[in-house]
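Some notes on the structure that comes next.
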Amino acid sequence: MDSKGLKERITSGLIVWLLVTIFIQPILSFTWKAVVAVGGFVHQGYVDRIYRNAAAMIDSNPYGELTLFILVLFALIATLFWTQRSLESDPISVYLHISRFVRLTSWALTCMCLLVVFGRLAILKGTAAITESFTQRLTVLAPAISDTEYKTFKARWAGMQGKADYDALVAAMDKRAAELGVTLPPVRKP
C-alpha cells in the first residue's frame, strides 16, 4: 500500500472532519433551532387565530368570504397566466426575458395562493369545530343555569383572544355543570 496516498487520505479526512465539526455542525444546529422556534411561534399563532376567529364568527359568513377570496385569486392567477402567454409571443419580451420573469412570478403566486387558501380553510375548519362544540355544550347547560350565567358564558365566548381564554371558559362550564349535576358532551378539538 502506498504510504503517501494513505497519509493524504488521512489528512484530507481529518480536514473534512474539522470543517464539519467547526463550521457545518454549528450552522445546522442553529438552523434547526431557528426552524423549531419559528415553527412553534407559527403554530401558536395558528391555534390562537382559530379561537379568536371562533369568537368573531357569530354574525359573519366565513364560507362566503373564503369563496369570494378563491374567486378573486383565480381571476388574478388566470390574468397572470394569460399575460405570460401573451408575452411569450412578443419578440421584445422574449429578448428581454420578461416572459420568464412573468412565468416564475405566476407560478410563485399560484403556490403562495394555494398555501393561503389551505391555511384559511384549516383555520375555518378548526373554528367551526370549536364553535359547534361550545354551542352544543352551552345548549345542554342552558336549562340548568340562569339567564345571567348564560349571557356571561356567551360574553366570555365573544371576548376570547386565544386558546387560554377558551380553556378557561371550558373549565368554568365544566365546573358549573358538575355543581348542577349536568353531563356535558366532550369538548371537540380543532
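The values are calculated or read from the model by the stated rules, or taken from the named source; none is laboratory data. Predicted model, so just to flag it, every value in this text is computed and none were measured. Quick reminder, even Gly has a Cβ in these numbers, built from the backbone with ideal geometry, and neighbours come from all protein chains shown. These area figures cover heavy atoms from the full protein model, side chains too; ligands, DNA and RNA do not enter into them. Shrake-Rupley method; radii C 1.70, N 1.55, O 1.52, S 1.80 Å.
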Computed label-point distance, nm, for sites Thr148 and Glu132 using a 7 Å Cα→Cβ extension: 3.5
With Cα atoms, 0 to 90° folded angle of helix 25-56 axis to the chain main axis: 30
Length added when fully stretched, Ile10-Ile98, from 0.36 nm per residue minus Cα-Cα: 26.5 nm
Cα coordinate range in the chain, projected on the principal axes (Å, largest first): 89, 59, 24
Gain on full stretching of the segment that runs from Phe81 to Leu180 - 0.36 nm per residue minus C-alpha separation: 29.4 nm
Per-selection metrics, region 136-190 (Cα): Rg and Dmax in Å: 10.8, 29
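Per-residue ellipticity at 222 nm for the chain, helices alone: DSSP H runs ≥ 4 residues times -39500 (n - 2.57), over residue total, nearest 500 deg cm²/dmol?
-28500 deg cm²/dmol
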Cross-link pairs beyond the 21 Å C-alpha cut-off, checked among Lys33/Lys125; Lys154/Lys175; Lys151/Lys189; Lys125/Lys163: Lys33/Lys125; Lys151/Lys189
Distance between modelled label sites at Leu109 and Val20, nm, 7 Å Cα→Cβ extension: 4.5
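If you roll a 1.4 Å probe over the chain with all protein chains in place, what percent of the accessible area is carbon or sulfur?
So the carbon and sulfur contribution to the accessible surface is 71 percent.
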Solvent exposure of the chain as accessible area per residue, Å², 1.4 Å probe: 70
